[in-house]
Amino acid sequence: MNNTSKTDWARVDAMSDEDIDTSDIPPLSEEFFAKAQLRMPKSPVKITVQVDPETFAWFKAQGETGEQQMAIALKIYAEAHKAYPASEAKST
């Protein structure tokens, strides 16, 4: 898979705010701001968990983001299994 950006980042970096075309973005109304809510991200919970050596080695080999990737993998797994009641998940 080729994820190489075709964006001319040097040109983008050289642009001033006035150079940016925002004509396709509608202005935000007073109603929008009246309904807006500030949502702060929840702080992660630090825990100790036992992981088999092979799995740990794989995440560690991912570099600095290994811990973050492990947390994301757990979140994806949990989200995928939310549709199942806890008692049903235990019986499988």
Go ahead and run the numbers for FRET between Asn3 and His81, Cβ-Cβ distance against an R0 of 22 Å, rounding to 0.05.
0.15
How much length, in nm to one decimal, is gained on full extension between Met40 and Glu67, taken as 0.36 nm per residue of separation minus their Cα-Cα distance?
7.5 nm
Of all the accessible heavy-atom surface of the chain, with the other protein chains kept in place and a 1.4 Å probe, what percent is carbon and sulfur?
58 percent
What is the angle, in °, between the Cα long axis of helix 66-80 and the longest principal axis of the Cα atoms in the chain? Nearest 10 is fine, range 0 to 90.
80 degrees
Mean Cβ-within-10 Å packing, highest first, puts peptides 27-34, 73-80 in the order 73-80, 27-34
Given points 7 Å out from each Cα along the Cα-Cβ axis, report the Glu18 to Phe33 separation in nanometres with one decimal.
2.4 nm
Taking the chain, the lysine pairs whose C-alpha atoms sit under 24 Å apart (8 or more places apart or on different chains) add up to 8
Mind listing the Cα extents of the chain along all three principal axes, in Å, largest one first?
57, 38, 27
Using the heavy atoms of the protein chains alone and a 1.4 angstrom probe, what is the accessible area of the chain per residue in square angstrom?
104 Å²
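The values are calculated or read from the model by the stated rules, or taken from the named source; none is laboratory data. From a predicted model like this one, the values you see are computed outputs, not experimental measurements. Cβ coordinates were reconstructed from backbone atoms using ideal geometry, including for glycine residues, and neighbour counts include every protein chain displayed. Heavy atoms of the whole protein, side chains included, go into the accessibility calculation; ligands, DNA and RNA do not. Shrake-Rupley method; radii C 1.70, N 1.55, O 1.52, S 1.80 Å.
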